[in-house]
Amino acid sequence: MNNRSIGASKEREAAEYLAARGYRILEQNFHCRRGEIDIIAWQNGMVVFVEVKYRSGKKSGMPGEAVNKTKQRRIVCAAKQYLMQEGLWEQTACRFDVIAICGDEIVHYRNAFLS
């Protein structure tokens, strides 16, 4: 498997993880000029923007550490674009989560960073 297919597989795994916990998946792999969001979900009246990071082991560091300030800014810009294009800009609460997958372990960081 190449990195792209592994990444797609882990994003599907993360979406299944969220769905099993009551999240409604609105969109996967949202792209715009401003950035990309792996998963956009709905939970308890809130739009949740999720970045998925995978590492096969801890040798290269923990996957969540890869969501640095630059990546966070791109996600926030893409989230703003999504909210505007869907007409959700003013009245909808949102948050930014990270799902870190290391080997077979999934860790869900809620409110991983602020907009």
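In the set (1) at pLDDT 90 or above; (2) out of contact with any strand residue (DSSP E or B) (no Cβ under 9 Å at 6 or more places or on another chain); (3) surrounded by 15 or more Cβ atoms within 10 Å (Cβ to Cβ), the condition left unmet by Ile106 is number (2). In segment 27-58, the qualifying residues are those that are in contact with a helix residue (DSSP H, G or I) (Cβ under 6 Å, 6 or more places away or on another chain) and small (Gly, Ala, Ser), and the one that is surrounded by the most Cβ atoms within 10 Å (Cβ to Cβ) is Ala41.
Please enumerate the residues belonging to segment 1-26 that are in contact with a helix residue (DSSP H, G or I) (Cβ under 8 Å, 6 or more places away or on another chain) and either among the polar types (S, T, N, Q) or touching a residue at least 12 places away in the same chain (Cβ under 8 Å) (or both). Within segment 1-26, just Ile25 meets the criteria.
In segment 78-115, the qualifying residues are those that are among the aromatic types (Phe, Trp, Tyr) and within 16 Å of Gly35 (Cα to Cα), and the one that is farthest from the chain's Cα centre (by Cα) is Tyr82. Here segment 58-103 is the region considered, the condition is being within 22 Å of Gln43 (Cβ to Cβ) and among the acidic types (Asp, Glu), and the residue that is modelled with the highest pLDDT is Asp97. Being buried (at least 16 other Cβ atoms within 10 Å of the Cβ) and not acidic (Asp, Glu) is the filter; apply it to segment 9-24 and report the residue that is modelled with the lowest pLDDT. Checked segment 9-24; the qualifying residue modelled with the lowest pLDDT is Lys10. Among residues of segment 83-97 that are aliphatic (A, V, I, L, M), those with a beta-carbon under 9 Å from a residue that is surrounded by 10 or more Cβ atoms within 10 Å (Cβ to Cβ) and at pLDDT below 90 at least six positions away or on a different chain give the pairs Leu83/Trp89; Leu83/Thr92.
The values are calculated or read from the model by the stated rules, or taken from the named source; none is laboratory data. Only a predicted model underlies this, so the values are computations on that prediction, with no experimental measurement involved. Backbone-built Cβ (ideal geometry, glycine too); neighbour counts: all protein chains shown.
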